[in-house]
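J.: Mind having a look at this structure? Questions to follow.
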Amino acid sequence: MTLTNYREVGREADNGAGFQFEFSCARCSHTWKSPFKPYRKGQLAELVYKFAYFLGDRGSLSRTSTGVAKVGEKSAKEAALQEALEEAEQRYAVCPGCEKTVCDNCWDARAKRCEDCARPGGSSSARSEGGKAGGASCPNCRSPLDGGRFCAECGFDMASTHKSCPGCGALCARAARFCTDCGHGF
């Protein structure tokens, strides 16, 4: 299982001198941050930059320290991400019914599904019926739509691929000639 519910937050926290990742639950928006993994070359480069700034050399010494920091940064980031993923897999699970990544609080261990899919009439049955809003689900993240122009989960602009029925308001594919809910012609 490979989790995709993360974003990198380490660069924001420490000027690129380390790596940290934030994982989130697709159901309750609970977040967890991996431990900060310092990147020593990045910390050294930051120190050299500050030292050079006080000496008045803002050119060659700064570029050199940045170049040194870039060497090995990709492999260090990948190693930090791998460690974070291993820890996050103990806290999050991917639901086979709706394919959302959920935290332990939203996971039903007996049913081996998220709480939405585990209860009768949950997301997995809604997904097999086509979801909400005229059978539409977001083409980007596949979550059921509640209507509106943008997906509530990922912000995808539905107007690029869907249109609303003037009769009932259901979302239909842009190429549809008739509404899938009420039969209204476009």
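The values are calculated or read from the model by the stated rules, or taken from the named source; none is laboratory data. None of these values were measured; they are calculated from a predicted model. Please note: Cβ atoms are built from the backbone with ideal geometry, for glycine as well, and neighbour counts cover all protein chains shown.
J.: Given the conditions (1) under 27 Å from G97 (Cβ atoms); (2) touching a helix residue (DSSP H, G or I) at 6+ places or on another chain (Cβ under 9 Å); (3) of a type outside the set (S, T, Y), which single one is not true for F156?
T.: Only one criterion in (1) under 27 Å from G97 (Cβ atoms); (2) touching a helix residue (DSSP H, G or I) at 6+ places or on another chain (Cβ under 9 Å); (3) of a type outside the set (S, T, Y) is unmet by F156, namely (2).
J.: Which condition number does D104 fail, the rest of (1) farther than 14 Å from K37 by Cα; (2) acidic (D, E); (3) at pLDDT 90 or above being met?
T.: Evaluating D104 over (1) farther than 14 Å from K37 by Cα; (2) acidic (D, E); (3) at pLDDT 90 or above leaves (3) as the failure.
J.: May I ask you to list the residues in the stretch 159-179 that are surrounded by 15 or more Cβ atoms within 10 Å (Cβ to Cβ), of a type outside the set (A, V, I, L, M) and under 18 Å from R142 (Cβ atoms)?
T.: Answer for the stretch 159-179, where residues must be surrounded by 15 or more Cβ atoms within 10 Å (Cβ to Cβ), of a type outside the set (A, V, I, L, M) and under 18 Å from R142 (Cβ atoms): T161, H162, C172.
J.: A further question on this structure: Being assigned to a loop (DSSP other than H, G, I, E, B) and either among the aromatic types (F, W, Y) or in contact (Cβ under 8 Å) with a residue 40 or more places away in the chain (or both) is the filter; apply it to the stretch 147-166 and report the residue that is farthest from T180 (Cα to Cα).
T.: Our first condition is that a residue be assigned to a loop (DSSP other than H, G, I, E, B); within the stretch 147-166, this holds for 147-149, 151-156, 161, 165-166.
Filter again for either among the aromatic types (F, W, Y) or in contact (Cβ under 8 Å) with a residue 40 or more places away in the chain (or both), leaving 153, 156.
Values: E153: 23, F156: 21 Å.
Checked the stretch 147-166; the qualifying residue farthest from T180 (Cα to Cα) is E153.
J.: Further question: Name the pairs whose Cβ atoms lie under 8 Å apart, with the first residue in the stretch 83-95 and farther than 13 Å from E22 by Cβ, the second part of a loop (DSSP other than H, G, I, E, B) and of a type outside the set (A, V, I, L, M, F, W, C), and 6 or more positions between them or separate chains?
T.: Short answer, once both residue conditions are applied: E83/S34; V94/K100.
J.: Tell me which residues, restricted to the stretch 107-133, are at pLDDT 85 or above and in contact with an Asp or Glu (Cβ under 6 Å, 6 or more places away or on another chain).
T.: Matches in the stretch 107-133: D108, E115.
J.: On to the next question. Step by step: first the residues of the stretch 134-146, then only those that are in a loop (DSSP other than H, G, I, E, B) and in contact with a helix residue (DSSP H, G or I) (Cβ under 9 Å, 6 or more places away or on another chain), then the one that is modelled with the highest pLDDT. Which residue is that?
T.: Step by step, filter the stretch 134-146, then rank; the result is S143.
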